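Each remark here refers to the structure printed beneath this line.
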Amino acid sequence: MTNLKKEDLLSLEEYSEKRSSLRDENIALKKERLIKIGDNVSLLFENQKTIQYQIQEILRIEKIFEAQDVEEELKSYNPLIPNGTNLKATMLIEFPEENIRRKGLKEIHRVEEKVWMQVGSNERIFAIADEDMERSNEKKTSAVHFLRFEFSKKMIENIKQGSSLYAGINHPSYNIRTKEIQKSTALSLTKDFT
């Protein structure tokens with residue numbers, strides 16, 4: 001994966017014309033790259049295409065077309081693209097009601113530090129969370145975090161060879177492990193290691 005450049009983006013006019021089909025493609029791609037961990041946590045694994053769509057949407061909504069402003073958006077979002085040795089995910093924590101949400105975010109304080117992935121029988125890889133800024137305070141966690149999982153060469157080889165992939169959270173108030181991640185999802189994530 002490589003960082004996006006201004007030349008990779010469509011003009012506002014071009015994007016407007018293609019937006020509907022690009023949105024449908026992005027929804028399908030995100031569905032394929034989503035891992036649910038229990039009832040309340042989802043990991044949406046980003047790649048160049050998901051980030052490009054996100055940038056295009058921001059440029060459209062905010063009507064950004066000046067080169068310097070476009071470069072600022074690229075600078076903000078490029079760190080979310082995997083670089084060939086890692087996977088990067090947006091972690092979403094969702095609760096059905098506001099009062100349950102407030103309580104839940106307090107109970108799972110610092111959960112972002114306890115998220116892991118595992119390839120086959122290799123050791124678990126714990127996420128490096130929120131490298132851009134702190135999203136939790138001393139009382140509760142945020143509902144959105146950005147995670148990076150660094151894989152060893154052996155793990156990358158194993159996943160490319162079809163080893164099982166798992167994810168989980170090792171938090172006292174949210175201790176859960178997924179079943180084996182679907183092969184279609186694992187295959188999509190494997191493409192990030194090129």
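Each reported figure results from applying straightforward, stated rules to the coordinates on display, with no laboratory input. Here the structure is a predicted model, which is why all the values come from computation and not from measurement. Positions of Cβ are backbone-derived with ideal geometry, glycine not excepted, and every protein chain shown enters the neighbour counts.
Could you check the range 5-55 and list, in sequence order, the residues that are among the small types (Gly, Ala, Ser) and free of Cβ contacts under 8 Å to residues at least 24 places away in the same chain?
Scanning the range 5-55 gives Ser20, Ser21, Ala28.
Which residue, of Leu105, Leu147, is farther than 24 Å from Gln48 by Cα and outside any loop (DSSP other than H, G, I, E, B)?
Result of the check over Leu105, Leu147: Leu105.
Can you pull out the residues in the range 154-174 that are in contact (Cβ under 8 Å) with a residue 60 or more places away in the chain and either more than 19 Å from Gly84 (Cβ to Cβ) or of a type outside the set (A, V, I, L, M, F, W, C) (or both)? Full working, then the answer.
Let us first name the residues in the range 154-174 that are in contact (Cβ under 8 Å) with a residue 60 or more places away in the chain, namely 156, 167-169, 171, 173-174.
Scanning the range 154-174 gives Ala167, Gly168, Ile169, His171, Ser173, Tyr174.
Give the range 93-115 a look and list any residue that's among the hydrophobic types (A, V, I, L, M, F, W, C) and crowded, with 18+ Cβ neighbours inside 10 Å, or say none.
Ile93, Leu105, Ile108, Val111, Val115
Does Ile169 satisfy the condition of being among the hydrophobic types (A, V, I, L, M, F, W, C), surrounded by fewer than 12 Cβ atoms within 10 Å (Cβ to Cβ) and either part of a helix (DSSP H, G or I) or touching a strand residue (DSSP E or B) at 6+ places or on another chain (Cβ under 9 Å) (or both)?
No: the conditions fail for Ile169.
Among the numbered criteria (1) surrounded by 15 or more Cβ atoms within 10 Å (Cβ to Cβ); (2) touching a helix residue (DSSP H, G or I) at 6+ places or on another chain (Cβ under 8 Å); (3) under 17 Å from Leu44 (Cβ atoms); (4) not small (Gly, Ala, Ser), which one does Tyr174 miss?
Among (1) surrounded by 15 or more Cβ atoms within 10 Å (Cβ to Cβ); (2) touching a helix residue (DSSP H, G or I) at 6+ places or on another chain (Cβ under 8 Å); (3) under 17 Å from Leu44 (Cβ atoms); (4) not small (Gly, Ala, Ser), the lone unmet condition for Tyr174 is (3).
Would you point out the residue of the range 79-92, among those that are farther than 10 Å from Phe149 by Cβ and not β-branched (Val, Ile, Thr), that is surrounded by the most Cβ atoms within 10 Å (Cβ to Cβ)?
In this case the residue turns out to be Met91.
Taking the conditions exactly as written (within 16 Å of Ile35 (Cα to Cα), touching a strand residue (DSSP E or B) at 6+ places or on another chain (Cβ under 9 Å) and either in contact (Cβ under 8 Å) with a residue 40 or more places away in the chain or among the basic types (Lys, Arg) (or both)), does Lys179 satisfy them or not?
Yes, satisfied.
Report, by residue number, each residue of the range 127-151 that is under 30 Å from Thr194 (Cα atoms), touching a residue at least 24 places away in the same chain (Cβ under 8 Å) and surrounded by fewer than 20 Cβ atoms within 10 Å (Cβ to Cβ).
Matches in the range 127-151: Glu131, Asp132, Val144, Arg148, Glu150.
Could you tell me whether Phe95 is among the aromatic types (Phe, Trp, Tyr) and within 20 Å of Phe193 (Cα to Cα)?
no
Checking the condition acidic (Asp, Glu), surrounded by 18 or more Cβ atoms within 10 Å (Cβ to Cβ) and farther than 20 Å from Ala186 by Cβ, which residue from Glu73, Glu25, Glu66, Glu7 passes? Working first, answer last.
Values: Glu25 fails: surrounded by 18 or more Cβ atoms within 10 Å (Cβ to Cβ); Glu66 fails: surrounded by 18 or more Cβ atoms within 10 Å (Cβ to Cβ); Glu7 fails: surrounded by 18 or more Cβ atoms within 10 Å (Cβ to Cβ).
None of the others qualify; the one that does is Glu73.
Okay, residues lined up against (1) closer than 18 Å to Asn40 by Cβ; (2) in contact (Cβ under 8 Å) with a residue 60 or more places away in the chain; (3) of a type outside the set (Gly, Ala, Ser):
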| residue | (1), (2), (3) |
| --- | --- |
| Lys75 | no, no, yes |
| Asn78 | no, yes, yes |
| Gly84 | no, yes, no |
| Thr90 | yes, no, yes |
| Ser121 | no, no, no |
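Can you list residue pairs whose Cβ atoms sit under 6 Å apart, with the first residue in the range 92-115 being in contact (Cβ under 8 Å) with a residue 12 or more places away in the chain and the second being among the aromatic types (Phe, Trp, Tyr) and buried (at least 19 other Cβ atoms within 10 Å of the Cβ)? Count only pairs 6 or more apart in sequence or on different chains.
Pairs found: Ile108/Tyr174; Val111/Tyr174.
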